[in-house]
Amino acid sequence: MAEAIPELAGCLARVRKRDEQAARDLVEKLHPLVIRIVRAHLPQGEDEQDLAQDVFLKLFDRLEQYLGQVPFEHWVSRIAVNTCIDKLRSRQRRPSVCWSDLSDDQQRVVDQLPTERSEDTPPERLAWEVVEKLMLGLAPKERLLISWLDLEQRSIAEVCEQTGWNSGVVRIRAFRARRKLKSLFEALEQSTTKRAP
């Protein structure tokens, strides 16, 4: 979490009055927090600074909505997370997965997938194909939860802090997302088994 911003109320009051220096000071103080959230939720190769800029544009656009009922850094974190979720809706996210993460049955399914590949296509690339296909069947919030909890091994508390959801909501949504992902895998496995010679 970023350090508390000194004299936050005064700084926000000046920003609301269109004080450009106060706005620059606020961005400078919040940038480490925002960039850390952006980096944690985007695949490598994405332009993190562009997305961070989107977060700050939303922050300044919605500043009048901040009523001080939650710590300002939490409010900013929610804007950053929601901006990342919006990005996920518009672009497929490729979570980190290794061939060794797949069970024997999953590896068998990958081996049987009809893909255009050469003999030297690494198994990791094939694993990506399975994960990409399965993750596309999930809603953006479900993909985000699976990525955070299962691939990045984040705690429920961390997810609650980043999203503003309570732990019950996180647990229920994660349970449903995992169940949906399992159903998608089973459907893929059945369709692959039917095609096998």
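The values are calculated or read from the model by the stated rules, or taken from the named source; none is laboratory data. Everything quoted here is computed from the prediction, not taken from an experiment. Quick reminder, even Gly has a Cβ in these numbers, built from the backbone with ideal geometry, and neighbours come from all protein chains shown.
Would you check if there is a residue in the range 31-42 being over 20 Å from residue 72 (Cβ atoms), outside the structural domain of residue 145 (by TED's automatic domain parsing), at pLDDT below 90 and over 13 Å from the mean Cα position of the chain (by Cα)? Within the range 31-42 (the criterion being over 20 Å from residue 72 (Cβ atoms), outside the structural domain of residue 145 (by TED's automatic domain parsing), at pLDDT below 90 and over 13 Å from the mean Cα position of the chain (by Cα)), the answer is no, since none of the residues qualifies. Report, by residue number, each residue of the range 134-158 that is more than 16 Å from residue 175 (Cβ to Cβ) and either outside any loop (DSSP other than H, G, I, E, B) or aliphatic (A, V, I, L, M) (or both). 134, 135, 136, 140, 151, 157, 158, listed by residue number. Before we move on, is residue 126 surrounded by 14 or more Cβ atoms within 10 Å (Cβ to Cβ) and modelled with pLDDT of 75 or more? Against the criterion (surrounded by 14 or more Cβ atoms within 10 Å (Cβ to Cβ) and modelled with pLDDT of 75 or more), residue 126 does not qualify.
Restricting the range 43-71 to residues that are assigned to a loop (DSSP other than H, G, I, E, B) and more than 20 Å from residue 164 (Cβ to Cβ), the residue that is modelled with the highest pLDDT is 47.
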